[in-house]
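No value in this document is a laboratory result; all are computed from the given coordinates. All of these numbers come straight from a predicted model, not from anything done at the bench. Ideal geometry is used to build each Cβ from the backbone, glycine not excepted, and the neighbour counts take in all protein chains shown.
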């Protein structure tokens, strides 16, 4: 057993911690269910529907399609979340973490010291990932090949589905495995201030992955080709020159091989910034509308939203590791989750579970910041283009093509929406 430096914190008994965690998990589920039903009732409000039709020019047929899609997703997600809740509570109550921990321990019982701890952790998390994948697979399949297929959005094939699953698993293992090994090594060997070293390691790793993602990881899942010369390319070049955005290229991604939904984004750091357009976006929108959508995305860069988000992430990561360092020495947390002993991987599991509960309650703050940035990016796009007309038209087309529900309850949107509701965005753009 590893010995960690101890802090004088009052920690309740394992039984109390276990019950507190279960109760908090159930409360979160009940709040999520209540918010979902509240939002669903808003969809059927005739006054709100009329408001959406007037503001967005939505026909009764379009509203009916959006409502049918939203209803199917709502019912599916409620069943899925209930299943996930009781599977997790059952797994925790029956000592599933402890069982997996002992299984992984027997697989590496011939190894000792730090090497044994790292191997133990890698096997444990590999088994956890396998269980999660098995539980999630039927839901992912049904979502894509029934709901998305039913409403005309799916372009994915079964072979492509499993190919993506395999590649995602491989990339996750190649990237997550070494990072996990480094974290376990720091926890086991670096002493009291292991959390500080781990924080720097994770931060550097994240920056390196962000730099490498556009050219090494993304091409494993999609094909990219440079945007051909023409009116769209000329419009993008003029926009980039006007706002002073130095790009490493404009590319079109074959998003249509999986879905008919459209989007645009830029990615990369340290001189590797790429503008990426979904081929569905290029197909569904006129060149001025695509430029307007891209102006919004580039607004995030020029207004330093990306940099601010990165700084917030780094600060949050710092305090997360600090808190983990404080709570790591206390056996009650491990015993509450049925671990037989203190270990680096058990600490990561327990802390992730508790921080996941906390993140639900601070989620409205993150969404509020994100929505504020979206309004600012809309304003930037309107100023850069001299008008918001093309962006308004583009938003309307994208909403129609995705059959997204244009109305929502204010409490639900404040809790979950990273983007402002469509009606609010268009009102501000037209102001």
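Before moving on, here are some points about what is shown:
- Within the listed set 134, 182, 369, the Gaussian network model of the chain (springs between alpha-carbon atoms below 10 Å) gives the highest mean-square fluctuation for 134.
- At an R0 of 56 angstrom, the distance between the Cβ atoms of residue 331 and residue 256 translates into a FRET efficiency of 0.60.
- Approximating the spin labels as points 7 Å out from Cα along Cα→Cβ, the residue 47-to-residue 410 distance works out to 1.2 nm.
- Against the empirical 2.2 N^0.38 Å (N residues), the stretch 224-284 has a Cα radius of gyration ratio of 1.12.
- Rounded to the nearest angstrom and listed largest first, the equivalent-ellipsoid semi-axes of the stretch 1-94 from its Cα gyration tensor are 45, 15, 11.
- Computed from the C-beta positions of residue 163 and residue 91, the FRET efficiency with R₀ = 25 Å rounds to 0.30.
- The angle separating the long axis of helix 14-43 from the principal Cα axis of greatest extent in the chain is about 10 degrees.
- Maximal additional length on extending the residue 129-residue 77 stretch stands at 16.6 nm, based on 0.36 nm per residue less the C-alpha distance.
- Percent antiparallel among DSSP beta bridges (both partners in the chain, rounded to 5): 65
- Degrees separating the helix 158-189 axis from the principal Cα axis of the chain, which is the longest one: 50
- Calculated mean residue ellipticity, 222 nm, the chain: -24000 deg cm²/dmol, from DSSP H runs (n ≥ 4) at -39500 (n - 2.57) each, averaged per residue and rounded to 500.
- Working from label points 7 Å from Cα in the Cα-to-Cβ sense, the residue 318 to residue 222 distance is 3.4 nm.
- Cα centroid separation, the stretch 266-337 to the stretch 368-425 (Å): 18
- Candidates 288, 329, 158: whichever shows maximal mean-square fluctuation once the chain is modelled as a Gaussian network with Cα springs under 10 Å: 158
- Among 66, 403, 13: highest mean-square fluctuation, GNM of the chain, C-alpha pairs under 10 Å: 13
- For the stretch 211-369, the share of DSSP beta bridges that are antiparallel, to the nearest 5, is 65%.
- Among the listed options (1) 16; (2) 29; (3) 56, the one matching percent of Cα pairs over 39 Å apart as calculated from these coordinates is (2).
- Given in Å, the Rg to one decimal and the Dmax to the nearest whole number for the Cα atoms of the stretch 336-397 are 21.6, 64.
- The DSSP beta bridges internal to the stretch 224-284 are antiparallel in roughly 65% of cases.
- Helix 231-243 and the longest principal axis of the C-alpha atoms of the chain enclose an angle of approximately 70°.
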